[in-house]
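To start, the structure under review is shown below, and the notes come after it.
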Amino acid sequence: MDTIQLQHFTAVAEELNFTRAAKNLNVSRMTVSLSVKNLEAELGHALFDRSTDVTRLTKAGAALLSDIHYEAEKNAPPPRPPGGKAKASKGKGRTPPVKGAPRVGKKRQSR
């Protein structure tokens, strides 16, 4: 079982459409279809019901999808506490943008 096959399966299972899933993954529809077929052959169960016009998950497909979501939740990093390090606002500063150029809005002081 390859992680790419699982990614393709998850995308199709969430979209319930091979074409849209392929478009979201930026691969061809044929690549996604072959990947899912190889996964089905490896598992020995059909994951999608392709007999109708609409793509539907079978019981085995729904179980695999829930297992994938469970593992992703379990392995997700813990949420960070809100907030973070405060940064001081430095403003524009006192130096002109180009050395030697007069500052905008500043009159030259006479001697």
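Remark: pairs (first residue in the range 8-21, on the phi > 0 side of the Ramachandran plot; second residue open to solvent by 30 Å² or more (accessible area, probe 1.4 Å); Cβ separation under 8 Å; 6+ apart in sequence or on different chains) = Leu16/Val54; Leu16/Arg56; Leu16/Leu57. Among residues of the range 4-19 being over 15 Å from the mean Cα position of the chain (by Cα) and open to solvent by 30 Å² or more (accessible area, probe 1.4 Å), the one that is farthest from Ala62 (Cα to Cα) is Thr19. How many residues does the range 56-67 contain that are under 14 Å from Thr10 (Cβ atoms) and surrounded by 15 or more Cβ atoms within 10 Å (Cβ to Cβ)? Summing the residues that are under 14 Å from Thr10 (Cβ atoms) and surrounded by 15 or more Cβ atoms within 10 Å (Cβ to Cβ) in the range 56-67 gives 4. Take the conditions (1) among the β-branched types (Val, Ile, Thr); (2) over 18 Å from the mean Cα position of the chain (by Cα); (3) exposed (fewer than 14 other Cβ atoms within 10 Å of the Cβ); Val36 misses just one of them, which is (3).
The values are calculated or read from the model by the stated rules, or taken from the named source; none is laboratory data. What you see is a predicted model, and the numbers here were worked out from it, not measured in a lab. All Cβ positions, even for glycine, are placed from backbone atoms using ideal geometry, and neighbour counts span all protein chains on display. In case anyone asks, the SASA skips ligands and DNA or RNA and just uses the protein heavy atoms, side chains included. Shrake-Rupley method; radii C 1.70, N 1.55, O 1.52, S 1.80 Å.
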